[in-house]
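Note sheet for the following structure.
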Amino acid sequence: MLTVRSRRTALAVVAAAGLLGTVVVPTAAQAADANAKRHKTVNLQLLAINDFHGNLEPPAGSSGTIKEIDPATGKEVATPAGGIEYLATELRRARVPADDSITVAAGDIIGASPLTSALFHDEPTIEAMDKLGLDVSAVGNHEFDEGAQELLRIQDGGCHPTDGCYEPGRTFKGANFNYLSANVTNEKTGKPVLAPYWVTKSQGVKVGFIGVTLEGTPNIVTAEGVKGLKFANEVTTINKYAAELKAKGVNSIVALIHEGGYPASSVYNYDCGAAGQGISGPIVDIARKIDPAVGAIVTGHTHNAYACSIPDPNGVPRSVTSAASFGRLFTQIDMKLDKTTGEIVRPSVKAENHVVRRTEKASDLTALVDHYQKLAAPIANRPIGYIASDINGRGNSDLEKPLGDVIADAQLAGLAPADKGGAQVAFMNPGGIRADLVHKASGSEGDGVVTYGEAFTVQPFTNMMQVKTLTGAQLIQLLQQQVSGSNAAAPKILQVSSNLHYTLDLRRTGADRVVLDSVRLNGAPVDPAAAYRVAANEFLAGGGDGFPAFAAGTDKLVGASDLDVFAAYLSGHSSAASPLQAPAQDRIKVIGPGSDLD
């Protein structure tokens, strides 16, 4: 349970001025102060994070920077940010001036994590979150990477059912914070997998938090991870439990939603506008439909930074925030609670994102990271390849990414032999590329050396590779499904092996964006009636990310894991004398604007 941290007594300064005979229209802030005269209020601070993904160490490459405007030059710069030691310091500092402070998260705290956390099934990250004072979190889609039973173990504790306990005499205690999954239910019982909401008190005022993950989780997680689960609509679920909370006398309500939006600017402190016109994506429609009883919304999933105002169903502005990802930012949300009505005083809500600058480490988190780094070192520090320069994946905004090319080539090379599946072409989903390969050394391995830990950070899911037979017609459908069907609104451009080339015309719409007579495999047109052996990871091969053409494939052969295939390719295609070069990105010709799809 939360221990409320009392820091200081609030100071209320009310000033009013006007000329005789002049009508003064109060601002929202003045209205809030006037209301405070009539109703006693108390201050509450929320500190919010999202999409941490087990990044205990400072993230490398573009994943470890935040875009901001340099006040000296007025130009956009990339500032190094993130790392649990620095995040803990910044959160602890931020809590000092607050009367009451609650630390919240909007999901994906674990999953798709670097090796230092993932090797131990993310137990280190849960321990770290407890140390830095996390109180409550929504469940994100990646919390289901290992299934519902593993998520319950993460909440309740106990040794891993297969790998056991990692140190003699030490059992994992589980999370001290509360995981919430209001819209994720057991198919058989219809009951939520975890608690739908959590209620605490702030200076006598009840405050409720409702947590939901995105409804489309089954489309982006392996079938095994969501087996036996149902994912309900976010809005319907939140409104249902908001009514339940109100019936119980809880009128200050905050929604923690693992779904997000896309601000018009990538600068972390971009102003979305008073009516939220500077942000797009699923969260806009969701926020406009959520019950006005919810006073603030904390979001995630899209890894973007924003502190916006989006009107509720009554047209009243409401705070909607997200703190990017990987612990590079946190959001400070200050508000007043009306002690008479028990409600959040909506005009008082002020939200701002803050950069987690790498200036001062929290010693207790340093000790935790050091401990797990030493346990992981024999595996993590093993060199497996060499690169001549940065090969960007997550940090590349192009539709065809250099690291995506490398991964697809690795999958084709690993699965082309007849006894491995006889693959003729390979595809990689862009969302599965979680980082960049960075030339600068992350430790003592030396510049240009790729360690197993670094490769793991790029591909942390350990999905098994598959080879399936698709007809030429299905292969064309696969390309078209990148920009049509469930991917029409937000296209997902697959990364392809070097023997496939085609043109993507973004001036067109839907499936027509794929220029059919441009598609060439090994220099020849694809024959709709011919059979082709196609390689992909098990998530994609099962139809994930909106690619049913993959699921229709036949003659499945299961191969090695995607990580093993990737590591083998790096070892076999690079050396200290001949490091791997970044590919030329010449497989997909894009006509028209394309950066808005990424």
Of all residues in the stretch 322-340, which are assigned to a strand (DSSP E or B) and under 20 Å from residue 88 (Cβ atoms)?
323, 329, 330, 331, 332, 333
If we scan the stretch 154-173, do we find a residue that is more than 24 Å from residue 366 (Cβ to Cβ), at pLDDT 95 or above and of a type in the set (A, V, I, L, M)?
no
How many residues of the stretch 64-84 are open to solvent by 10 Å² or more (accessible area, probe 1.4 Å), closer than 29 Å to residue 439 by Cβ and either outside any strand (DSSP E or B) or not aliphatic (A, V, I, L, M) (or both)? The answer is 10
Is it true that some residue in the stretch 250-257 is part of a loop (DSSP other than H, G, I, E, B), open to solvent by 20 Å² or more (accessible area, probe 1.4 Å), more than 24 Å from residue 324 (Cα to Cα) and not acidic (Asp, Glu)?
yes
Selected residue (only one of 89, 125, 116, 103 is among the polar types (S, T, N, Q) and in a strand (DSSP E or B))
103
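Condition first: open to solvent by 10 Å² or more (accessible area, probe 1.4 Å) and of a type outside the set (Ser, Thr, Tyr). Now tell me which residues in the stretch 506-521 satisfy that.
Residues satisfying the conditions are 506, 507, 508, 510, 511, 512, 513, 515, 516, 517, 520, 521.
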If residue 185 passes every condition in (1) within 24 Å of residue 47 (Cα to Cα); (2) part of a strand (DSSP E or B); (3) among the polar types (S, T, N, Q) but one, which one does it miss?
(1)
Being more than 28 Å from residue 438 (Cα to Cα) and either surrounded by 16 or more Cβ atoms within 10 Å (Cβ to Cβ) or in contact (Cβ under 8 Å) with a residue 40 or more places away in the chain (or both) narrows it down to one residue among 496, 558; which is it?
558
So residue 403 ticks every box in (1) closer than 20 Å to residue 576 by Cα; (2) open to solvent by 30 Å² or more (accessible area, probe 1.4 Å); (3) not in a loop (DSSP other than H, G, I, E, B) but one. Which box is left unticked?
(2)
(1) in contact (Cβ under 8 Å) with a residue 40 or more places away in the chain; (2) open to solvent by 10 Å² or more (accessible area, probe 1.4 Å); (3) farther than 19 Å from residue 333 by Cα; (4) of a type in the set (A, V, I, L, M, F, W, C) all hold for residue 274 apart from (3)
Candidate set from the stretch 197-213 (those that are touching a helix residue (DSSP H, G or I) at 6+ places or on another chain (Cβ under 8 Å) and buried (at least 23 other Cβ atoms within 10 Å of the Cβ)); member that is farthest from residue 243 (Cα to Cα)
213
For residues that are assigned to a helix (DSSP H, G or I), out of contact with any helix residue (DSSP H, G or I) (no Cβ under 8 Å at 6 or more places or on another chain) and either buried (at least 20 other Cβ atoms within 10 Å of the Cβ) or among the basic types (Lys, Arg) (or both), tally how many sit in the stretch 341-378.
2
Tally, over the stretch 532-546, of residues that are more than 11 Å from residue 463 (Cβ to Cβ) and either without any contact (Cβ under 8 Å) to a residue 40 or more places away in the chain or surrounded by fewer than 23 Cβ atoms within 10 Å (Cβ to Cβ) (or both):
5
Considering residues of the stretch 582-598 that are among the aliphatic types (A, V, I, L, M) and not in a helix (DSSP H, G or I) only, the residue farthest from residue 498 (Cα to Cα):
591
Only one of 529, 584, 549, 524 is within 30 Å of residue 388 (Cα to Cα) and either of a type in the set (A, V, I, L, M, F, W, C) or surrounded by fewer than 18 Cβ atoms within 10 Å (Cβ to Cβ) (or both), namely 584
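The values are calculated or read from the model by the stated rules, or taken from the named source; none is laboratory data. If you're wondering where the values come from, they're calculated on a predicted model, not measured in any experiment. Glycine gets a Cβ as well: all are built from the backbone with ideal geometry, and neighbour counts include every protein chain shown. Surface accessibility is based on the protein's heavy atoms, side chains included, excluding ligands, DNA and RNA. Shrake-Rupley method; radii C 1.70, N 1.55, O 1.52, S 1.80 Å.
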